[in-house]
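Only the coordinates and a few stated rules stand behind these numbers; no lab work does. Just so it is clear, the structure is predicted and the values come from calculations on it, not from any experiment. Cβ placement follows ideal geometry from the backbone for every residue including glycine, while neighbour counts extend to all protein chains displayed.
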Amino acid sequence: MAEDWARPVVYFEIEALNADLLENFYREMFNWNIGEGFIRQIPAGIGGPENGIGGHMRQSNRSGVTLFIQVKNIEASRAMAVSLGGALTSEPFQVPGAALIAGISDPEGNPITLVQQ
């Protein structure tokens, strides 16, 4: 039998109560090119990991999915999130030996972690 391999995360979905509101937030916040229609396609960005995106699982007091999105500047991105109707959910935190991260939410309360590398 051939050796098996780990399957990477290769796609994500953002469900919205008001897709027009969230489309504007994600388009402005992350410069995403979002398509039209019932299923609004979001193509892959430039600079992502070549083998797909990784992730983790942890014990928490809620169930859900959090997007980790790379940004150029944590503080500027936090300010932009608030100006677009989002909220700040955690202060910037330097992960030892890794990236600077901070939590925000979109206008419907979906969690996002900003990652400055």
Each residue of region 4-19 in order: what ³J(HN,Hα) in whole Hz does its phi give by Karplus 6.51 cos²θ - 1.76 cosθ + 1.60, θ = phi - 60°, with x for Gly and Pro? 7, 9, 6, 8, x, 6, 10, 7, 9, 9, 10, 8, 9, 6, 10, 4
Per DSSP H run of n ≥ 4, the term is -39500 (n - 2.57); total these for the chain, divide by its residue number, and report the mean residue ellipticity at 222 nm rounded to 500 deg cm²/dmol. -5500 deg cm²/dmol
For region 68-117: span of alpha carbons on each principal axis (Å, largest first): 32, 17, 16
Give the distance, in whole Å, between the Cα centre of region 36-66 and the Cα centre of region 1-24. 5
Given springs between every Cα pair under 10 Å in a Gaussian network model of the chain, which of E50, E75, E13 has the largest fluctuation? E50
Given 20 °C and 1.002 mPa s, compute D for the chain with the Stokes-Einstein relation, Rh being the Kirkwood radius over Cα pairs; round to the nearest whole µm²/s. 136
Normalised by the residues of the chain, what does the relative contact order come to in percent, with Cα pairs under 8 Å and at least six apart? 24
Highest mean packing first, using Cβ neighbours within 10 angstrom, the peptides 94-102, 108-116 sort as 108-116, 94-102
